[in-house]
Amino acid sequence: MKNKKIVLMRHGESQWNQLNKFTGWKDISLSETGKKEARHAAKILQKNKFKFDIAYTSVLKRAIHTLWIILKKLDYAWIPVHKSWKLNERNYGSLEGLNKDEVVNQYGHKQVQLWRRSFSALPPKNNNSDIICLKNDEKYKNIKTEDLPNSENLKMTYHRVINFWKSNILPQIQKNKKIIIVAHGNSLRALIKYLNNINDVEIEKVDISTGSPIVYEFSHDIKPLQYYYL
C-alpha cells in the first residue's frame, strides 16, 4: 500500500522578508521574487504530478496569494480552500515591522536568536493599541479579545496549530484526501515539531525556506514517516 502524502509550503518571499523585517501577523504582500517562487513551486508540483482535493492556509495574504498562484497554475482553483488564523505566522509582538539587524544591534544576537528560534522565549509584547487594531481587523472580528495574542513564542503557536491540525486537517487525511497546506515559517515549524516529535532544543535548528514544497509521508495508519523538499 502506498504511503499517504501531503504537501506543506511556506509562502513565497514577502515584501518585508525582502526588507529583513519581522513580519508576524502584519498582513504584508508578496514581493515579485515571492510570486516567482510560487510559480516555480507550482511547476515542481506539476512535474511531480501532484493532485489536490483540498487546501488550507492562514488569513494572511502572503500565504493566500501564494496558494492562489499554485492552484491557478495547476488548474485546481476550484478545490475548497479553508483559511484559519490558527495557521498564521507567530505574533512577534512589538518586534513586528522592525529591521532584524537593527534589533540585533539593540538587544544582541543571542537574545534575538532566542526570540526567533527557541520554543519558549517570548518577544516583547505589543501595547494595547495594537490589540485594538487586531480586534478592529475584520479577519479577527469573531475572536475574543482575550484570545488575540500580543506576542507569541513557538510554544503558543504550536498549541493553536496542532489544535487545528487535529480537528480539521487530520480527519481529511484519514479520508484519503490529497492536501496542500500553505502557511508560514513558524506555523510549519510547529507542525513539523509535532509530527516528528522533535524536542524543544532540536527545533531551534529547523528552518523553513520560502516557496519550497515539502512532501510529508504518512503510513496507511497515519503515522508520520518522513518529510523532504521536492
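The values are calculated or read from the model by the stated rules, or taken from the named source; none is laboratory data. If you're wondering where the values come from, they're calculated on a predicted model, not measured in any experiment. As a convention, Cβ positions derive from the backbone with ideal geometry for all residues, glycine included, and neighbour counts pool all protein chains shown.
Looking for whichever is of a type in the set (D, E, K, R), on the phi < 0 side of the Ramachandran plot, assigned to a loop (DSSP other than H, G, I, E, B) and surrounded by fewer than 16 Cβ atoms within 10 Å (Cβ to Cβ) here; the options are 72, 36, 51. Which one fits? Lay out the reasoning, then the answer.
On the way: 72 fails: assigned to a loop (DSSP other than H, G, I, E, B); 36 fails: assigned to a loop (DSSP other than H, G, I, E, B).
Selected residue: 51, the only one of 72, 36, 51 that is of a type in the set (D, E, K, R), on the phi < 0 side of the Ramachandran plot, assigned to a loop (DSSP other than H, G, I, E, B) and surrounded by fewer than 16 Cβ atoms within 10 Å (Cβ to Cβ).
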If I go through the stretch 9-34 residue by residue, how many of them are in contact with a helix residue (DSSP H, G or I) (Cβ under 8 Å, 6 or more places away or on another chain), within 14 Å of residue 211 (Cβ to Cβ) and of a type outside the set (S, T, N, Q)?
7
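Going by the structure shown, is residue 77 surrounded by fewer than 18 Cβ atoms within 10 Å (Cβ to Cβ), over 12 Å from the mean Cα position of the chain (by Cα) and not acidic (Asp, Glu)? Step through it out loud before you land on a result.
Working: surrounded by fewer than 18 Cβ atoms within 10 Å (Cβ to Cβ): yes; over 12 Å from the mean Cα position of the chain (by Cα): yes; not acidic (Asp, Glu): yes.
So residue 77 passes the test.
Here's the yes/no breakdown for (1) small (Gly, Ala, Ser); (2) surrounded by fewer than 16 Cβ atoms within 10 Å (Cβ to Cβ):
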site: 120; (1), (2): yes, yes
site: 124; (1), (2): no, yes
site: 145; (1), (2): no, yes
site: 157; (1), (2): no, no
site: 167; (1), (2): yes, yes
site: 200; (1), (2): no, yes
site: 209; (1), (2): yes, yes
site: 219; (1), (2): yes, yes
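Per-residue answers, yes or no, for (1) modelled with pLDDT of 95 or more; (2) within 15 Å of the chain's Cα centre (by Cα):
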position: 128; (1), (2): no, no
position: 139; (1), (2): no, no
position: 142; (1), (2): no, no
position: 166; (1), (2): yes, no
position: 178; (1), (2): yes, no
position: 181; (1), (2): yes, yes
position: 196; (1), (2): no, no
position: 208; (1), (2): no, yes
position: 214; (1), (2): yes, yes
Read through the list (1) in contact (Cβ under 8 Å) with a residue 12 or more places away in the chain; (2) among the β-branched types (Val, Ile, Thr); (3) under 24 Å from residue 15 (Cβ atoms), then give the number of the only condition that residue 79 fails.
(3)
